[in-house]
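Enquirer: Following this message is one structure expressed as structure tokens.
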Amino acid sequence: MKPMFEAALVSGEVEPTVTPVPGEDLTDNIRRLAREMGFGEVGFTRYDRRYTFGGKKRWAKYEHAICLAMEQDYIKTQAGPSPDSDIARFETYEVEQELCLKLCDYLRSRGYHAQVHDGSDCSGPYIPLFVAAGLGQLGANGQLLSPHFGSRSRLMLVTTDAPLTYDKPVDYGIHKFCQQCQSGNSDAQMLISTRIRKSPWWHLSKAAGCWAYTTYNHMYHPRAYIKPEDGGLLKEYKYLTEHVSMWDVAVERQIQVKGPDAAEFVNYIITRDVHTMLPTMRARYVILCNQYGGVINDPVLLRVAEDEFWFSISDSDLLLWAQGVNHAGRFNVSINEIDVSPVQIQGPKSVDLMEKMFGEQIRAIPYYGLLRATLNGREVTISRTGFSAEVGFEIYLHDAMLYADDVWPHILEQGEEFNLRVIAPSHIRRLEAGILSYGQDMDIENNPYEVRLGWQVT
């Protein structure tokens, strides 16, 4: 596969072998050839450079995109997460890569340049281009859902300067179906109950336009702000990747472990060595496992003092489990949920916004570093972390139930000049980045090695 990968990287540099025929439109020929090769989906659209990663902007050369999708083996895919499902994915990419190189040869034989955008070394998110080419729609799982393969296809691009006729987006009804599938009959209403908590930002997220919630850690979790007819999740993605966004992530409930034995207790329940990897005022991604090796939670662990740690948790009852582990009082610690609620500030303009609010010191925070500060007179802890793989921060507001109204509007006001937008956490972006989501990509039935987290076990 390596020679083909290297050939794809330089494919845009290879010159055509003939002079093109003036006025020739190769759309139908390419579609027919791609189908004969075995591609299940073929579509054409403009190569939108807004979706090109910064490191690939000079590499990507041509303006027309040929969107190609191939079916992945059904049986092996159903076995995921597993080595078999990984094999199915890589086998499909390998076949596609070879065929895309042949398609480039065909285009050069007609007098045009062509470039392979490899599926395993993406030049950017491909899903928006496939949607524009009428090959599917964005599903609630953050993946392309096509009429023929659902999400079980591998995506590749070939870009070219050959004249093509673009396809148009098609509404397959997926957005409506996903909404009904998740919420039942569209006439049904969700009962806002005291059994499910409202975050300190609840009323502020509603005022910002949130129209869809799920539950996460027994709390209402904003999942969509921009309506599908106005651009939906793809438009939210644009704010994240081109400007700056703010997320209500109070569902990352903060479990405090504090006391003389805090470090020893934390070291006992996580799979990494806290003594060697986590100094004071630093954070780390960690996992916790049960006695059988099943992953219980994958929080970000903050060490805010020598004897005080915060677990910024994913979706499971870590508080009760941790208290149960120490039920006999072996460790001299207190284990409680504290009134600290984060918002995430994510996107390329996040540093500029954060510098405006906190000064130049913000630029000195290392990745997974912490900083104590005040915002509009309220105490906060800042971490250089996020759920997007974009430049970003989390602002943890202390006594959030009391002071949320002092902080949220202030951030919005400060962010106006940077085109700040309140959005939901982007699962499109986290999937592109390979960030796992507990409860979706793994749960207590998985051990770390099954989900490529073996490096966490030390």
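The values are calculated or read from the model by the stated rules, or taken from the named source; none is laboratory data. Note that the structure is predicted; figures quoted are calculated from it, not measured. We place every Cβ from the backbone using ideal geometry, glycine too, and count neighbours over all the protein chains shown.
Enquirer: Across the stretch 127-143, which residue is nearest to Arg31 (Cα to Cα) among those that are not in a loop (DSSP other than H, G, I, E, B) and not β-branched (Val, Ile, Thr)?
Expert: Applying the filter and picking the extreme gives Phe130.
Enquirer: A further question follows. Quick one: what pairs do we get from the stretch 203-229, first residue not assigned by TED's automatic domain parsing to the domain that holds Leu138, second in a helix (DSSP H, G or I), C-beta under 6 Å, 6+ apart or different chains?
Expert: Leu204/Trp408; Pro222/Ser205; Ile226/Gly232; Ile226/Lys235; Ile226/Glu236; Pro228/His175
Enquirer: Read through the list (1) surrounded by 18 or more Cβ atoms within 10 Å (Cβ to Cβ); (2) under 17 Å from Arg253 (Cα atoms), then give the number of the only condition that Asn336 fails.
Expert: Here Asn336 meets the rest and fails (1).
Enquirer: Please determine, by comparing only the residues of the stretch 273-283 that are touching a Leu at 6+ places or on another chain (Cβ under 8 Å) and in contact (Cβ under 8 Å) with a residue 60 or more places away in the chain, which one is surrounded by the fewest Cβ atoms within 10 Å (Cβ to Cβ).
Expert: Filtering the stretch 273-283 for residues that are touching a Leu at 6+ places or on another chain (Cβ under 8 Å) and in contact (Cβ under 8 Å) with a residue 60 or more places away in the chain, the one surrounded by the fewest Cβ atoms within 10 Å (Cβ to Cβ) comes out as Met281.
Enquirer: Checking the condition without any contact (Cβ under 8 Å) to a residue 40 or more places away in the chain and either more than 22 Å from Ala424 (Cβ to Cβ) or within 25 Å of the chain's Cα centre (by Cα) (or both), which residue from Asp339, Asp406, Asp352, Asp399 passes?
Expert: Only one candidate passes the filter, namely Asp406.
Enquirer: Being assigned to a helix (DSSP H, G or I) and more than 20 Å from Val14 (Cα to Cα) is the filter here; which residues of the stretch 89-126 pass it?
Expert: Within the stretch 89-126, Arg89, Phe90, Glu91, Thr92, Tyr93, Glu94, Val95 qualify.
Enquirer: Would the stretch 261-271 turn up any residue that is in contact (Cβ under 8 Å) with a residue 24 or more places away in the chain, under 28 Å from Ser350 (Cα atoms) and in contact with a helix residue (DSSP H, G or I) (Cβ under 9 Å, 6 or more places away or on another chain)?
Expert: no
Enquirer: Can you tell me which residues in the stretch 1-45 are charged (D, E, K, R) and loosely packed, with under 15 Cβ neighbours inside 10 Å?
Expert: Passing the criteria: Lys2, Glu6, Glu13, Glu15, Glu24, Asp25, Asp28, Arg32, Arg35, Glu36.
Enquirer: Please go through the stretch 199-232 and give me each residue that is in a loop (DSSP other than H, G, I, E, B), under 17 Å from Gly139 (Cβ atoms) and small (Gly, Ala, Ser), ordered by number.
Expert: Result: Gly231, single match.
Enquirer: Could you list, in sequence order, the residues of the stretch 69-83 that are surrounded by 15 or more Cβ atoms within 10 Å (Cβ to Cβ) and either in a helix (DSSP H, G or I) or basic (Lys, Arg) (or both)?
Expert: Of everything in the stretch 69-83, those that are surrounded by 15 or more Cβ atoms within 10 Å (Cβ to Cβ) and either in a helix (DSSP H, G or I) or basic (Lys, Arg) (or both) turn out to be Lys76, Thr77.
Enquirer: Looking at (1) within 14 Å of Leu318 (Cβ to Cβ); (2) without any contact (Cβ under 8 Å) to a residue 24 or more places away in the chain, which one does Val286 not meet, given that it meets all the others?
Expert: Every condition holds for Val286 apart from (2).
Enquirer: Is it true that some residue in the stretch 2-22 is within 13 Å of Val158 (Cα to Cα), outside any helix (DSSP H, G or I), not assigned by TED's automatic domain parsing to the domain that holds Lys238 and not basic (Lys, Arg)?
Expert: For the stretch 2-22, residues within 13 Å of Val158 (Cα to Cα), outside any helix (DSSP H, G or I), not assigned by TED's automatic domain parsing to the domain that holds Lys238 and not basic (Lys, Arg): present.
Enquirer: From the list Glu41, Glu63, Glu71, Glu91, pick out the single residue that is free of Cβ contacts under 8 Å to residues at least 24 places away in the same chain and on the phi < 0 side of the Ramachandran plot.
Expert: Going through Glu41, Glu63, Glu71, Glu91 in turn, the sole match is Glu91.
Enquirer: Within 30 Å of Val131 (Cβ to Cβ), in a loop (DSSP other than H, G, I, E, B) and out of contact with any Asp or Glu (no Cβ under 6 Å at 6 or more places or on another chain): is that true of Gly415 in this structure?
Expert: So Gly415 does not fit the description; no.
Enquirer: May I pose another question? Please determine, by comparing only the residues of the stretch 311-329 that are loosely packed, with under 14 Cβ neighbours inside 10 Å and either in a strand (DSSP E or B) or modelled with pLDDT of 95 or more (or both), which one is nearest to the chain's Cα centre (by Cα).
Expert: The selected residue is Leu320.
Enquirer: Mind listing just one residue for me: the one in the stretch 144-165 that is under 19 Å from the mean Cα position of the chain (by Cα) and part of a loop (DSSP other than H, G, I, E, B) and, of those, surrounded by the most Cβ atoms within 10 Å (Cβ to Cβ)?
Expert: That would be Arg152.
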